[in-house]
Amino acid sequence: MKKTPYFYKTFMEVTITILGTGTSQGIPVIGSSHPVCLSDDPKDKRLRVSAMVEVMDKRFIIDCGPDFRQQMLSNKVSSIDAVLFTHEHADHTAGLDDLRPFYFRQGDLQCYMTSRVHRALQERFNYIFTTKDKYPGVATLEVHEFQNDSFQVDGINVTPVLADHGYIPVHGFRIENVAYMTDVKTIAQGEKKKLKNLDVLILNMLREEPHPTHLNLEEALELVRELQPKRTYFTHISHYLGFHEEVQQQLPENVFLAYDNLKITSN
């Protein structure tokens, strides 16, 4: 069957909650006296990057980092339908053990990841993935490996978008007319086609100075101009970028700095 191009597709409404918008150290950084780390503005306090996507009656979590427990409590999340992993770095996976309360209530948890991420998590969390003498209090994950083709999670279409994280591959995800891309340095032209006709793009933007594995402000704005989403929200933000309110005033129309617990609705 011929696929309907995104340009002609009618989209379902999506709500995405930005659970964390910080870098791998979070903001404030431990022991830092940088002015942003000392800020009293809640929008300058950033947990590690993660997001929650809600469409129809389904709820997906993108990445499960070291602040996962706090993020779930802050947003009063009592159930999830799946976890999607962008890549294997600790700030995106270190909260894996905190999936246990969901497992105790719901049973085996659906997790979607590439084979590369699966191997890394098997090494790092051997006690979760082992099938021999497994401790009874450990969560059981139902792992689904994806490559780079669209797949369905409980009837919801998910399109992986392959990008380069400087030294390793990373995947973002498009769900309906919303796309979430983090830890991106470059995206191949073929993959950019998956990011056309977006209502909402969530994209990493680290700081003004160039960085070897993340988009800086200039690179991120250039990508936004190329893709032309209706709205863009930057995430994975370093304290070196500056104060939230000051930076926001300098951004183009329809480009925003995300902040922790921000809720965005498509359409």
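If you take the residues in region 105-117 that are assigned to a helix (DSSP H, G or I) and open to solvent by 30 Å² or more (accessible area, probe 1.4 Å), which one is farthest from residue 172 (Cα to Cα)?
Of the residues in region 105-117, the ones assigned to a helix (DSSP H, G or I) are 105-106, 115-117.
Narrowing further to those that are open to solvent by 30 Å² or more (accessible area, probe 1.4 Å): 105-106, 115-116.
Numbers: 105: 29, 106: 26, 115: 15, 116: 15 Å.
Ranking the qualifying residues of region 105-117, first place goes to 105.
Can you tell me which residue in region 162-178 is surrounded by the most Cβ atoms within 10 Å (Cβ to Cβ), limited to those that are of a type in the set (Val, Ile, Thr) and closer than 15 Å to residue 215 by Cα?
Pass one, region 162-178, residues of a type in the set (Val, Ile, Thr): 168, 170, 175, 178.
Remaining after also requiring closer than 15 Å to residue 215 by Cα: 168, 170.
Values: 168: 14, 170: 26.
Checking each candidate, the answer is 170.
One residue is enough: does region 64-78 have a residue meeting the conditions more than 18 Å from residue 113 (Cβ to Cβ) and among the hydroxyl-bearing types (Ser, Thr, Tyr)? Break it down into steps so the answer makes sense when it comes.
Our first condition is that a residue be more than 18 Å from residue 113 (Cβ to Cβ); within region 64-78, this holds for 67, 69-78.
Pick out the ones that are also among the hydroxyl-bearing types (Ser, Thr, Tyr) and you get 74, 78.
Scanning region 64-78, I find at least one residue that is more than 18 Å from residue 113 (Cβ to Cβ) and among the hydroxyl-bearing types (Ser, Thr, Tyr), so the answer is yes.
So in region 179-200, with the set limited to residues that are among the acidic types (Asp, Glu) and open to solvent by 10 Å² or more (accessible area, probe 1.4 Å), which one is farthest from residue 91 (Cα to Cα)?
Start the filter on region 179-200 by keeping residues that are among the acidic types (Asp, Glu), which leaves 183, 191, 199.
Cutting the leftovers down to open to solvent by 10 Å² or more (accessible area, probe 1.4 Å) gives us 191, 199.
On the way: 191: 24, 199: 27 Å.
Within region 179-200, the match that is farthest from residue 91 (Cα to Cα) is 199.
Against the condition surrounded by fewer than 14 Cβ atoms within 10 Å (Cβ to Cβ), hydroxyl-bearing (Ser, Thr, Tyr) and touching a helix residue (DSSP H, G or I) at 6+ places or on another chain (Cβ under 7 Å), how does residue 127 come out, does it pass?
Against the criterion (surrounded by fewer than 14 Cβ atoms within 10 Å (Cβ to Cβ), hydroxyl-bearing (Ser, Thr, Tyr) and touching a helix residue (DSSP H, G or I) at 6+ places or on another chain (Cβ under 7 Å)), residue 127 does not qualify.
For the condition on the phi > 0 side of the Ramachandran plot and open to solvent by less than 20 Å² (accessible area, probe 1.4 Å), what is the one hit in 236, 214? Don't jump to the end; show me each part of the working.
Working: 214 fails: on the phi > 0 side of the Ramachandran plot.
Matching residue, one of 236, 214: 236.
Any residue in region 243-262 that's hydrophobic (A, V, I, L, M, F, W, C): show its pairings with residues that are at pLDDT below 95 and open to solvent by less than 40 Å² (accessible area, probe 1.4 Å) at Cβ separation under 6 Å, as long as the two are six or more apart or on different chains.
none
Among the residues of region 130-151 satisfying the criterion of being open to solvent by 60 Å² or more (accessible area, probe 1.4 Å) and in contact with a strand residue (DSSP E or B) (Cβ under 7 Å, 6 or more places away or on another chain), which is nearest to residue 184 (Cα to Cα)?
For region 130-151, the residue satisfying everything is 145.
Restricting attention to region 152-161, which residues are surrounded by fewer than 16 Cβ atoms within 10 Å (Cβ to Cβ) and touching a residue at least 60 places away in the same chain (Cβ under 8 Å)? Break it down stepwise before answering.
Filtering region 152-161 for residues surrounded by fewer than 16 Cβ atoms within 10 Å (Cβ to Cβ) gives 152, 154-155, 157.
Once the filter is applied, which keeps residues that are surrounded by fewer than 16 Cβ atoms within 10 Å (Cβ to Cβ) and touching a residue at least 60 places away in the same chain (Cβ under 8 Å), region 152-161 yields 154, 155.
Just one of 53, 36, 77 is in contact with an Asp or Glu (Cβ under 6 Å, 6 or more places away or on another chain) and not small (Gly, Ala, Ser); which is it?
Details: 53 fails: in contact with an Asp or Glu (Cβ under 6 Å, 6 or more places away or on another chain); 77 fails: in contact with an Asp or Glu (Cβ under 6 Å, 6 or more places away or on another chain).
Checking each option against the conditions leaves just 36.
The values are calculated or read from the model by the stated rules, or taken from the named source; none is laboratory data. Predicted model, so just to flag it, every value in this text is computed and none were measured. Because the Cβ atoms are built from the backbone with ideal geometry, glycine has one as well, and the counts that use them run over all protein chains shown. Ligands, DNA and RNA are stripped out before the accessible areas are found, and what is left, the full protein with its side chains, is counted by its heavy atoms. Shrake-Rupley method; radii C 1.70, N 1.55, O 1.52, S 1.80 Å.
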